[in-house]
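**Student:** Here you go, one structure.
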Amino acid sequence: MKKLLYSFSLLAFLAISSVAQSLQSPDEFLGYELGTRFTPHHKVVAYFEHVSSVMSNVVSQHYGQTNELRPLMVNIISSQENMDKLEEIRLDNLRRTGMWEGTPTNNIGIVWLSYNVHGNEASATETAMKTLYELTNPNHRESKEWLKNTVVILDPCINPDGRDRYANWINQVIGTTPNPSLDAKEHREPWPGGRPNHYLFDLNRDWAWQKQVESQARMKLYNQWYPHVHVDFHEQGFNSPYYFAPAAEPVHEQVTDWQREFQEIIGKNHAKYFDENSWLFFTKESFDILYPSYGDSYPMYNGAIGMTYEQGGHSLGGIEIETEEGDTLSLKDRVTHHYTTGMSTIEMASANNARMIQEFTTYFSNAVNNPKAKYKSFVIRGTNHPDKMLKLKAFLETHAIEYGVGSTRKPISGFNYFKNADENFSINQGDIIISAYQPKAVLVQAIFEPKTYASTVETYDITAWALPYMLDLDAYATETRISVDPGDFINHQPTINIGNRPAAYLAKWESIEDAKFLGELLKAGIKLRYGKGDFSVNGNQFKPGTLIITRKGNRHMGSQFDQIVRDAASKYGRDLFSTPTTFVDSGKDFGSNNVPFIKAPKILVLRGSGVSSLGFGEFWYFMEQELNYPITMVDTDNFGSIDLDDYNTIVMPSGFYGRMLNKDRLEEVKTWVRGGGRILALDRAINSFVDKDGFALKRYADDSEKKEAEKKTDEEKEADALTPYEDRARKFDDYRLPGAIFKLKIDNTHPLGYGYPSHYYTLKNNSSRLAYLPNGWNVGIIESTDSHMSGVAGKKVLESLAKSMVFGVENYGGGAMIYMADNPLFRAFWENGKLFVANALFMVGQ
């Protein structure tokens, strides 16, 4: 018997040895020591596929590709027993959420580790390879035990385009020996940096909005699993010690006690390893759980334990960097730290498997049967614009949020988003009901709640994002549970009211979809006009901005004219009207000088040094992926050599343009605008014109208004002077505006305001104040302190912003200066603001 056992043990040893010999470590596979250089994405993919090809308990899954055609992938690892029933484990977990029928029979935990959402926080992907190897290494006894009750999903690089931008650059400029001096080129990556993706979006702000292809593809896979733990690996400034959970306040009030507790359990385990190695760390600072679109908060709002881990380093870290303490921080160090917290996370998930799964089950059971939410139902009026309702429907279905209709006709008390107050209302036919009693109860509350509660004003990101304001939806939030019946959104069919060879086609101007239709026609060579005022023709009423497509002026299109117009209307689902005459019943006839011809915009957009990469990326994405209209991108360093007469529109995304707009070039720009050009200045770009000679844009109307705004009472001065040092941050509470929603009064008779009602909800994340333009058009203004709707905004900020301009137009000779203190394209998710940008490009200054 002893001999038989010996023979079995020997065979097992030989089998393990054989696997170990075929399984290569990252060092062996890559041909260099991990942490001595940055690995290109294709080699990372090759290594992940190598491991899955030689290890039967690992599978690789490609789940999408980036804009630059790099693969997005994960490896899934567990014990062989678990891998043999992986699909059943996945479905069992969906059963726990209530989104799949049946009773779970497996109690296997799921841990998802995501690396390198920010491309230049590049130690994370190197860590992913080390983690994968040690999880699959047959000689790693601990990981073999953990995998008996745990499935691990490793995403080695969420942002391959950004990471390769950084990795390829540093591998080109670094010497054979790393230089730890901050002066060295290898620590100074060029614009735009590797942090964002192809379109220069921050993918760690896109989890909820899913505007980018990486987010869209990843979330389809994520929603097939719903992990119990999700970790997002990051880097921060190289002088900072390591950060791990527990998270900082504010933590959203929907986060459960268990989610907080397990963050603490995991954090203490990390601390044990860090203390053993004399590595410094910090917890409960800086990184909160509030904004719903992060890699820690979004999983939290979907039942997981979501966590951010931050290693010092970032792009300034290079391969080696000298810290302020005189130590040298190496890429190897950074990889080791991330590896330690990743493995510690898996260890704790395995050790606490039973309770983790039970609490996950309870989370969704409570969501369906007893949601913690203040608001039990959200009512969206069916009378909202069909385009807005389609966007709402797409959002709900992307996030698997249940909705229906209501049959009750009894009066209900609820919060009216538009009025910012409670009132009684009734359910009408066509209204959409979103109940809190569903698996996605917490996410629903986080996305729809009118006013997000924050336990402190010191937040990491914006503090308001309520979807009814984002889409400008007539909606209610009520504490009453409304019975939801099966039902869908009203299926709006475009109105096609076309006569035989009409004198003109007419299309209303009400949403960004109308701007896409216009862009399609302009690219096809169709000539258009627009109505500057209300008019009626052929029995139909039309508002300012209506597109007027006359046969006269398009005869060069021949027989294609009608087909092009009708095909474009069909493509974008537009209502299309026609008239046999250009003689109107009321208003201006189509041949009037008050019915301007739309000159196709020839757009130059600035990028490069001084320009916010995110701000530029938002405009680039908007034009290329949403509006689908051509632009010319010009680096600020080359702006001086550009013949401006080749363009009629210049777009300045948020940024600092002082070096580009030197005295001589600024005079040239002024001359160009006077000759009919238009400049759209967004966000911080407006500072290039504030209080400058020749421009009407001012912070304050005059010196007396400025003095009054900056005046402090004796009590305020004394309070400032005597603030204890430990409370120093509170001195700035009255001046904080991390991101809040304000209601603007809109002049919708001006071309910049076409298509809007008399209000607009702006997402304001800067406290920049602009006085009313004395001789221009104040199209969007903040009337008073009562204009604040939601989010953190300090007392002094509210006072300063009262009676200020947000959107305005200054006539400048034959051209126009268009000022937008807020960026309507922010992160591409503030849908209702996009028409302002289209108006600026297509309507203003025509």
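The values are calculated or read from the model by the stated rules, or taken from the named source; none is laboratory data. Keep in mind it's a predicted model, so treat the numbers as computed, not measured. Methodologically, a virtual Cβ is constructed for each residue, glycine included, from the backbone with ideal geometry; neighbour enumeration extends over all protein chains shown. When the accessible area is computed, the model is the full protein with side chains, heavy atoms only, and any ligands, DNA or RNA have been set aside. Shrake-Rupley method; radii C 1.70, N 1.55, O 1.52, S 1.80 Å.
**Student:** Which percent of the accessible heavy-atom area of the chain goes to carbon and sulfur, probe 1.4 angstrom? Don't skip to the end; give the middle numbers.
**Tutor:** Numbers: 16420 of 34160 Å².
Carbon plus sulfur share of accessible area: 48 percent.
**Student:** Still on this structure: Can you give the relative contact order of the chain as a percent, counting alpha carbon pairs under 8 Å and 6+ residues apart? Don't jump to the answer; show the numbers that get you there.
**Tutor:** Details: 1758 pairs, mean separation 80.9, N = 846.
Reported as a whole number, the value is 10 percent.
**Student:** Can you compute the FRET efficiency between Ser758 and Lys410 using 1/(1 + (r/R0)^6), with r the Cβ-Cβ distance and R0 = 51 Å? Round to the nearest 0.05. Display every interim value, and only then the final one.
**Tutor:** Details: r = 31 Å, r/R0 = 0.62.
Step by step, r from the Cβ atoms, then E = 0.95.
**Student:** I would also like to ask the following. Say each of Lys711 and Asp733 gets a label point 7 Å from the Cα, pointing the same way as Cα to Cβ; how far apart are those two points in nm?
**Tutor:** 2.6
**Student:** For Glu397, put the label point 7 Å out on the Cα→Cβ axis and report which residues of the stretch 467-495 keep their amide N under 13 Å from it.
**Tutor:** 488-492
**Student:** To continue, here is another question. Once the Cα gyration tensor of the chain is found, what semi-axes does its equivalent ellipsoid get, as square roots of 5 times the eigenvalues, in whole Å, sorted largest first?
**Tutor:** Working: eigenvalues 485, 207, 166 Å².
Those come to 49, 32, 29 Å.
**Student:** A further question follows. At 0.36 nm per residue, and after removing the present C-alpha to C-alpha distance, how many nm does the segment from Asn277 to Ser784 gain when stretched out fully?
**Tutor:** Values: separation 507, 0.36 × 507 = 182.52 nm, distance 5.61 nm.
Stretched out fully, the Asn277 to Ser784 stretch lengthens by 176.9 nm.
**Student:** When only DSSP loop residues count, what GluC sites (Glu not before Pro) in the stretch 70-164 have their Cβ near at most 15 other Cβ atoms within 10 Å?
**Tutor:** Numbers: sites: Glu81, Glu87, Glu88, Glu101, Glu121, Glu126, Glu134, Glu142, Glu145; in loops: Glu101, Glu121.
Sites meeting the loop and neighbour criteria: Glu101.
**Student:** Let me ask something else about it. Mind listing which trypsin sites (Lys or Arg not before Pro) in the stretch 700-781 are in a DSSP loop and have 11 or fewer other Cβ atoms within 10 Å?
**Tutor:** Working: sites: Lys706, Lys707, Lys711, Lys712, Lys717, Arg728, Arg730, Lys731, Arg736, Lys743, Lys745, Lys764, Arg769; in loops: Lys711, Lys712, Arg736, Arg769.
Of the trypsin sites (Lys or Arg not before Pro), the ones in loops of the stretch 700-781 whose Cβ has at most 11 other Cβ atoms within 10 Å are Lys711, Lys712.
**Student:** Suppose we look only past 19 Å in the calculated P(r) of the stretch 518-583. What percent of the Cα-Cα pairs does that tail hold?
**Tutor:** Working: 681 of 2145 pairs.
Percent of Cα pairs beyond 19 Å in the stretch 518-583: 32.
**Student:** Right, another one. Roughly speaking, what is the stretch gain from Glu668 to Ile496, that is 0.36 nm per residue apart minus the C-alpha to C-alpha distance, in nm to one decimal?
**Tutor:** 57.2 nm
**Student:** Let me ask something else about it. Per 5 Å bin from zero, what fraction in whole % of the C-alpha pairs of the stretch 644-775 is there, up to the bin with the longest pair?
**Tutor:** Bins of 5 Å from zero give 2, 7, 11, 16, 18, 15, 13, 8, 5, 3, 2, 0 percent of pairs.
**Student:** Also, I was wondering about something else. When ligands, DNA and RNA are left out and all protein chains stay put, how many square angstrom of accessible area per residue does the stretch 797-846 have with a 1.4 Å probe? Write down the numbers at each step before the final one.
**Tutor:** Numbers: 860 Å² over 50 residues.
Using a 1.4 Å probe on heavy atoms only, each residue of the stretch 797-846 averages 17 Å².
**Student:** Further, regarding this structure: Leaving out ligands and nucleic acids, note down the accessible area per residue over the stretch 256-327 with a 1.4 angstrom probe, in whole Å². Before the final figure, lay out the partial values.
**Tutor:** Working: 2660 Å² over 72 residues.
Per residue, the stretch 256-327 has 37 Å² of solvent-accessible surface.
**Student:** Among Arg409, Arg678, what's the order by accessible area (1.4 angstrom probe), most exposed first? Each step should come with its number before you reach the end.
**Tutor:** Working: Arg409 125, Arg678 10 Å².
Order by accessible area, largest first: Arg409, Arg678.
**Student:** Still on this structure, please answer the following. Using the Cα gyration tensor of the stretch 459-536, with a ≥ b ≥ c the square roots of its eigenvalues, what is the shape: rounded (a/c below 1.5), prolate (a/b larger than b/c) or oblate (neither)? Please report the intermediate quantities before stating the final value.
**Tutor:** On the way: a/c = 2.92, a/b = 1.78, b/c = 1.64.
Cα axes put the stretch 459-536 in the prolate bin.
**Student:** Give the percent of DSSP beta bridges with both residues in the chain that are antiparallel, rounded to the nearest 5.
**Tutor:** Working: 67 of 109 bridges.
The antiparallel fraction comes to roughly 60 percent.
**Student:** Sticking with this one: Suppose accessible area is computed on protein heavy atoms with a 1.4 Å probe; arrange Ser704, Ser350 from highest to lowest.
**Tutor:** Final ranking, largest accessible area leading: Ser704, Ser350.
**Student:** On to the next question. Between the stretch 406-469 and the stretch 778-815, how many Å separate their Cα centres?
**Tutor:** Answer, in whole Å: 25.
**Student:** A further question on this structure: From the square roots a ≥ b ≥ c of the eigenvalues of the alpha-carbon gyration tensor of the stretch 395-554, which class results: rounded (a/c under 1.5), prolate (a/b over b/c), or oblate?
**Tutor:** Values: a/c = 2.52, a/b = 1.93, b/c = 1.31.
It is prolate, given that a/c is not under 1.5 and a/b is the larger ratio.
**Student:** Once the Cα atoms of helix 386-398 and of the chain are each reduced to a long axis, what angle between those two axes, in degrees from 0 to 90 to the nearest 10, is obtained?
**Tutor:** 0
**Student:** Determine the shape class of the stretch 360-472: with a ≥ b ≥ c the square roots of the Cα gyration tensor eigenvalues, call it rounded for a/c under 1.5, and otherwise prolate if a/b is greater than b/c, oblate otherwise.
**Tutor:** rounded
**Student:** Can you tell me the relative contact order of the stretch 770-845? Whole percent, Cα pairs under 8 Å, sequence separation 6 or more. It would help to have the intermediate numbers written out before the result.
**Tutor:** Values: 94 pairs, mean separation 21.3, N = 76.
After rounding, I find 28 percent.
**Student:** Right, next: Note the angle between two axes, namely the Cα long axis of helix 213-222 and the longest principal axis of the Cα atoms of the chain, as a number of degrees from 0 to 90, rounded to the nearest 10.
**Tutor:** 50
**Student:** Could you pull the Cα extents of the stretch 595-652 along its three principal axes, largest to smallest, in whole Å?
**Tutor:** Extents along the principal axes: 40, 28, 15 Å.
**Student:** Counting only heavy atoms of protein chains, what accessible area per residue, in Å², does the stretch 58-132 have with a probe of 1.4 Å?
**Tutor:** Numbers: 2480 Å² over 75 residues.
That works out to 33 Å² for each residue.
**Student:** In angstroms, what radius of gyration and Dmax does the stretch 160-202 have, counting Cα atoms only?
**Tutor:** Every Cα atom of the stretch 160-202 included, Rg and Dmax give 11.3, 33 Å.
**Student:** Taking the Cα atoms only, what angle lies between the long axis of helix 331-351 and the longest principal axis of the chain, rounded to 10 degrees?
**Tutor:** Approximately 80 degrees, to the nearest ten.
**Student:** Another one. Loop-only check: which chymotrypsin sites (Phe, Trp or Tyr not before Pro) in the stretch 356-406 are DSSP coil with at most 10 other Cβ within 10 angstrom?
**Tutor:** Values: sites: Phe360, Tyr363, Phe364, Tyr375, Phe378, Phe395, Tyr403; in loops: Tyr375, Tyr403.
Sites meeting the loop and neighbour criteria: none at all.
**Student:** Label-point separation (nm) for Glu88 and Asp702, each offset 7 Å from Cα along Cα-to-Cβ?
**Tutor:** Between Glu88 and Asp702, the label points sit 8.3 nm apart.
**Student:** May I ask you to derive the relative contact order of the stretch 736-788, considering only C-alpha pairs under 8 Å and at least 6 residues apart, and to give it as an integer percent? Could the numbers behind the result be given before it?
**Tutor:** Values: 77 pairs, mean separation 25.1, N = 53.
So the answer I get is 47 percent.
**Student:** What is the spin-label model distance, in nm, from Asp646 to Glu142 if the labels are put 7 Å beyond Cα along the C-beta direction?
**Tutor:** 6.1
**Student:** With Kirkwood's inverse mean 1/r over C-alpha pairs for Rh, give me the Rg to Rh ratio of the stretch 211-320, two decimals please.
**Tutor:** Numbers: Rg = 14.8 Å, Rh = 14.9 Å.
Using Cα coordinates only, the ratio equals 0.99.
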